[in-house]
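Remarks on the structure that follows.
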Amino acid sequence: MNDTAAKIRELTDLLNRYGYEYYTLDAPSVPDAEYDRLFHELEALEAAHPALKLPDSPTLRVGGAPLSAFAQVRHEVPMLSLSNAFSPQDESGAFDHAEMTAFDERVRGGLGGKPPQYVIEPKFDGLAVSLLYRDGVLVQAATRGDGSSGEDVTQNIRTVSDIPLRLRGGDTPALIEIRGEVLMFKADFAALNLRQEENGRKPFANPRNAAAGSLRQLDPRITAQRKLHFFPYSIARQEGGFSAGTHMQELDYCGRLGFALPEGNCGCFGSMAEILAFYEQMRQKRPALPYEIDGMVVKVNSLAQQHELGFISRAPRWAVAHKFPAEEALTVVEAIDVQI
Ligand SMILES: CC(C)(C)c1nc(N2CCN(c3ncccn3)CC2)c2cc(C(N)=O)c(N)nc2n1
C-alpha cells in the first residue's frame, strides 16, 4: 500500500474513532478543531486521489449528490410485525394488564411450562430500518417498507452519526444484518420545526414523521442536517463473529460493535410481575426521556425459546408490544391487534 493510501486509511480510522467517542459515547477525546483539521486533511487527500477513498470514510457523513429515486431492496429475512397488547385504564386509573398476563400464559404454554426470562425494552417511536455489514463495512441500509421489501436508503443512513460505517472491536463477522429504529430526539425535533417555521416551511407533526421524512429524502445532504439517531433491536442474520444465546447478549454485542444502546431503559426479569413493574416505571419516566417511545416491547430472552415458540403468521409468538395509553383525554380502547 503506498503512503497516500496508508495516510487515507489512518485518517479514516482515526476520524471514525473520534466520531464514535463524540456521538455514541458522548465522550470526545479531542477538541472539535482537531477533528475538523483532520477531516479537511482527509477531504483534500480524497479529492486528489478519488480512487483511494474508502467505503467507511467519514466524509460520507455529509452526504453526496441527490438520488433521482430510491431502489427497492428485498429483505432476505422478512421484517415482521409486532402483536400489540393494550392495557385499558379503569376509572380508578389502575391498568388492567390482562393481555400481558395472557401473553405470559401463552408463552409458558408454548414452552411446556418452562419459566421464560423476559427482556423489556423501549418501543422507540421512529421507523424501522435494516443495516447490512460485510466484513465489518456498512454496505446497505433499507427501510422496513411492507416487511418483504423496502427502500434503499444507504446513502442517507451513512449520515446518521451513531450508525458505525465500520463495525468496532475484533472478531468481525463476515456478514451481519442489524435491525433497529431510526428516530429524532425531542430537542432536535423542536429545533428543526423552529427552522421550518423560520423558512416558511410546514412544521413536522411529530418526531416520527420528522425522522421518516428526513430518512426518505432523495438529497443525503438534507438528511445529514437532521440529527437522526439509531437504536438496534435485533440481529436478523449473521455469519461469523460472536454467537449470542439470548436477546440481551445480542444487544450487548451490538454495543461492542459500536452501536448506541438505551442504557438503563431495558430490563431482564424472570416474572411478568417484574416486567409490569418496569413498564410502570418507564411510563412515569417517559416525559423526561430525550426520545419518544409509544410503549415497551417485551420479548422472550432465550433465542432457543424464541425459535421454539415461532411466529403467529407474521408476528413472533415470543414478543409483544405493550403500548402506553394514548395521551389524549379520551383513551381509545384498541382491540388486541394480532398482525396476520
Ligand atoms: C424483532 C421483532 C419482530 C420482535 C421486533 N420488531 C419490531 N418492529 C416490527 C414491527 N414494526 C412495524 N413497523 C411499521 C409497520 C408495522 N410494523 C416496527 C419494528 C420492533 C420494534 C421496536 C421499537 N420500535 O423500538 C423494538 N424495540 N423491537 C422490535 N422487535
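Read the figures in this text as sums done on the coordinates, not as results from a lab. Please read all numbers here as calculations on a predicted model, not as lab measurements. Here Cβ is always computed from backbone atoms with ideal geometry, including for glycine, and neighbour counts include all displayed protein chains.
Over the Cα atoms of segment 108-212, the radius of gyration divided by the Kirkwood radius equals 1.10; this is the Rg/Rh ratio. The ASP26 and GLU197 beta-carbon pair, evaluated with R₀ = 45 Å, returns a calculated FRET efficiency of approximately 0.95. When +1 charges are put on Lys and Arg Cβ atoms and -1 charges on Asp and Glu Cβ atoms, the dipole computed for the chain relative to its Cα centre reaches about 560 debye. Given their separation in residues at 0.36 nm each and the Cα-Cα distance between them, GLN225 and ASP252 gain 6.8 nm when the chain is fully extended.
The Rg/Rh ratio of the chain, with Rg taken over Cα atoms and Rh as the Kirkwood radius over Cα pairs, comes to 0.99. Anyone know which of ASP162, ASP90, ASP26 comes out most mobile in the 10 Å Cα GNM of the chain? Judging by the Gaussian network model, the answer is ASP90.
Entry note, segment 82-176: relative contact order of 19 percent, from Cα contacts under 8 Å with a spacing of 6+ residues. The convex hull built on the alpha-carbon positions of segment 163-229 has an orientation-averaged projected area of 5.8 nm². Counted without the sites themselves, the longest stretch of the chain free of GluC sites (Glu not before Pro) in a DSSP loop having at most 15 other beta carbon atoms within 10 Å is 92-262.
Sorted from longest to shortest, the spans of the Cα atoms of segment 87-131 along the three principal axes equal 39, 36, 13 Å.
In angstrom, the C-alpha Rg and Dmax of segment 193-264 are 17.0, 52. Of the three principal axes defined by the Cα atoms of segment 147-296, the extents in descending order read 51, 40, 29 Å. Taking amide H positions as modeled 1.01 Å from N, with prolines and chain starts lacking one, the residues under 5 Å from PHE324 and 5 or more places away or on another chain are GLY295, MET296. Put simply, the amide H of SER271, placed in the peptide plane, has neighbours under 5 Å in TYR118, leaving out anything fewer than 5 places away on its chain.
Whole-Hz Karplus values for segment 35-40 come out as 4, 4, 4, 5, 4, 5 Hz, taken residue by residue from phi with 6.51 cos²θ - 1.76 cosθ + 1.60 and θ = phi - 60°; glycine and proline positions read x. Counting only lysines at least 8 places from LYS123 when in the same chain, those with an alpha carbon closer than 25 Å to its own are LYS186, LYS227, LYS285, LYS299, LYS323. Listed values for segment 228-237 are Karplus-derived 3J(HN,Hα) couplings in whole Hz (6.51 cos²θ - 1.76 cosθ + 1.60, θ = phi - 60°), namely 8, 10, 9, 10, x, 9, 6, 9, 8, 8, and x replaces Gly and Pro.
Within straight-line reach of LYS7, meaning a Cα separation under 16 Å, sit the following lysines at least 8 residues removed in sequence or on another chain: LYS53. Max-minus-min Cα coordinates of segment 50-105 on each principal axis give 66, 28, 23 Å, with the largest extent listed first. The 3J(HN,Hα) values that the Karplus relation (6.51, -1.76, 1.60; θ = phi - 60°) gives for segment 6-22 are, in residue order, 5, 5, 5, 5, 5, 5, 4, 5, 5, 5, 5, 5, 4, x, 5, 4, 6 Hz. Gly and Pro appear as x. Largest GNM mean-square fluctuation among ASP219, ASP252, ASP32, using the chain with Cα springs under 10 Å: ASP32. Amide H to amide H distances under 5 Å link ILE312 with ARG317, where only residues 5 or more positions off or on other chains count and H is placed in the peptide plane.
Using C-alpha pairs under 8 Å with a sequence gap of at least 6, the mean separation divided by the residue count of the chain gives a relative contact order of 25 percent.
Toward the positive end of the charge dipole of the chain, with +1 on the Cβ of Lys and Arg and -1 on the Cβ of Asp and Glu, the farthest Cα among PHE278, LEU38, GLN89 is that of LEU38. Placing unit charges on the Cβ atoms only, positive for Lys and Arg and negative for Asp and Glu, gives segment 33-75 a dipole magnitude near 300 debye about its Cα centre.
Comparing LEU261, LEU167, LEU38 in a Gaussian network model of the chain, where Cα atoms under 10 Å apart are tied by springs, the biggest mean-square fluctuation is seen for LEU38.
Projection of the Cα convex hull of segment 103-161, averaged over all directions and equal to a quarter of that hull's surface, yields 6.9 nm². Only helical runs count toward this figure. For the chain, summing -39,500 (n - 2.57) over DSSP H runs of n ≥ 4 and dividing by all residues gives -10000 deg cm²/dmol at 222 nm. The coefficient of translational diffusion for segment 1-97, derived via Stokes-Einstein from the alpha carbon Kirkwood radius under 37 °C and 0.692 mPa s, stands at 185 µm²/s.
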